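Participant: Got a structure here, written out as structure tokens. Questions coming.
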Amino acid sequence: MEPRATILLIDDTPTNLHLLADTLKGTYRVLAATSGARGLELAHAEPPDLILLDIMMPAMDGFEVCRRMRKIAALADVPIIFISALDQLNFKLDAFSSGGFDYITKPFQPPEVLARVATQLELRRKRQELAESYQRLRKLERMRDELVHLLAH
């Protein structure tokens, strides 16, 4: 049986964390943080498979959290979905330019959250498979080049 994906929720509103956790916990392993700093600590200690990130938080907003995560090698390719009540275009564009993969507007609908999470996890899995295939191809090319070199001599 394949292990369940880990989703990290970062939102300063406990009610939002509970609603998201209730939506996801049957399908995924859920971790939660009520601040950007705590979310960074959790993500650094145990890189999740996906992050749902609020924008408006005290001390460090979601955009800054996302930018910092993108600078950490183990978190650089983890899909981050922003989830926010801010629905103006400039916030959405800022979310993508800071490194976000998707954007959900609050109040969210649980089926939409589940669909977007599943889509991003599948895309991540495909990117990882592609990277592994590329590494295998590079290894085979090196072996071929070594063999050609040996045969030529």
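The values are calculated or read from the model by the stated rules, or taken from the named source; none is laboratory data. Bear in mind that the values here come from a model prediction, so they are computed numbers and not experimental data. All Cβ positions, glycine included, derive from the backbone under ideal geometry; neighbour counts span all protein chains shown. Keep in mind that these areas ignore ligands, DNA and RNA; they rest on the heavy atoms of the full protein, side chains included. Shrake-Rupley method; radii C 1.70, N 1.55, O 1.52, S 1.80 Å.
Participant: With equal scatterers on the alpha carbons only and no solvent term, can you work out the Debye log10 of I(q)/I(0) for the chain at 0.11, 0.15, 0.16, 0.21 1/Å?
Facilitator: The computed values of log10 I(q)/I(0) come out as -0.47, -0.75, -0.83, -1.38.
Participant: Continuing with the same structure: With a point put 7 Å past each Cα toward its Cβ, work out how far Gln135 is from Met56 in nm, to one decimal.
Facilitator: 4.3 nm
Participant: From the Cα gyration tensor of segment 1-73, with a ≥ b ≥ c the square roots of its eigenvalues, which class applies: rounded if a/c is under 1.5, or else prolate if a/b is larger than b/c, or else oblate? If you can, show how the numbers build up before the last one.
Facilitator: Values: a/c = 2.48, a/b = 1.25, b/c = 1.99.
Oblate is the answer for segment 1-73, as a/c is 1.5 or above yet b/c matches or exceeds a/b.
Participant: Could you identify which residue out of Ile51, Ile80, Ile72 has the top mean-square fluctuation in a GNM of the chain using Cα springs shorter than 10 Å?
Facilitator: Among Ile51, Ile80, Ile72, the largest mean-square fluctuation in the Gaussian network model of the chain belongs to Ile72.
Participant: Defining a contact as two alpha carbons under 8 Å apart and six or more residues distant in sequence, what relative contact order in percent does the chain show? Provide the component values of the computation, followed by the final result.
Facilitator: Working: 199 pairs, mean separation 28.2, N = 153.
Once normalised by length, the contact order is 18 percent.
Participant: While we're on this one: So if each residue of separation counts as 0.36 nm, and I subtract the Cα-Cα distance between His44 and Ala152, what length gain in nm does that give?
Facilitator: Values: separation 108, 0.36 × 108 = 38.88 nm, distance 4.92 nm.
Gain in length upon complete extension: 34.0 nm.
Participant: Roughly to the nearest percent, how much of the accessible area of the chain is carbon and sulfur, given a 1.4 Å probe? Can you show the working numbers first?
Facilitator: Values: 5350 of 9090 Å².
C and S fraction of accessible area: 59 percent.
Participant: If you place +1 on the Cβ of every Lys and Arg, -1 on the Cβ of every Asp and Glu, and leave all else neutral, what size is the dipole of segment 58-131 about its Cα centre, to the nearest 20 Debye?
Facilitator: Numbers: 11 positive and 9 negative charges, 49 e Å.
Value, rounded to 20: 240 debye.
Participant: Which lysines, if any, have their Cα less than 17 Å from the Cα of Lys126, not counting same-chain residues under 8 positions apart?
Facilitator: List returned: none.
Participant: GNM on the chain, C-alpha springs below 10 Å: top fluctuator among Lys139, Lys126, Lys25?
Facilitator: Comparing Lys139, Lys126, Lys25 in the GNM, the peak value goes to Lys139.
Participant: If you don't mind, another one. If you put +1 on each Lys and Arg Cβ and -1 on each Asp and Glu Cβ, how big is the dipole of the chain around its Cα centre, in Debye rounded to 20?
Facilitator: Once rounded to the nearest 20, the dipole reads 440 debye.
Participant: Can you compute the charge dipole magnitude of segment 19-93 about its Cα centre, using +1 on each Lys and Arg Cβ and -1 on each Asp and Glu Cβ, nothing else charged? Give it in debye, rounded to the nearest 20. Can you show the working numbers first?
Facilitator: Values: 8 positive and 9 negative charges, 29 e Å.
For segment 19-93, the charge dipole is close to 140 debye.
Participant: Okay, next question. Rank Gln128, Gln88, Thr23 by how far each Cα sits towards the positive end of the charge dipole of segment 18-148 (+1 on Lys, Arg Cβ; -1 on Asp, Glu Cβ) and give me just the farthest.
Facilitator: Gln128
Participant: A further question on this structure: Report Leu19's accessible area, 1.4 Å probe, all protein chains in place, as a number in Å² to the nearest 10.
Facilitator: Approximately 90 Å² for this residue.
Participant: Hey, another quick one. Once you have the Kirkwood Rh of segment 73-153 from its Cα pairs, apply Stokes-Einstein at 10 °C and 1.306 mPa s and quote D in µm²/s. Write out the running numbers ahead of the final one.
Facilitator: Values: Rh = 15.8 Å.
Estimated via Stokes-Einstein, D reaches 101 µm²/s.
Participant: Among the lysines, which fall within straight-line cross-link reach of Lys106, defined as a Cα-Cα distance under 18 Å, with same-chain neighbours fewer than 8 residues apart omitted?
Facilitator: Answer for Lys106, where 18 Å is the Cα cut-off: Lys92, listed by chain and number.
Participant: Keeping all protein chains in place, calculate the accessible area per residue for the chain (probe 1.4 angstrom), answer in Å².
Facilitator: Working: 9090 Å² over 153 residues.
It amounts to 59 Å² per residue over the chain.
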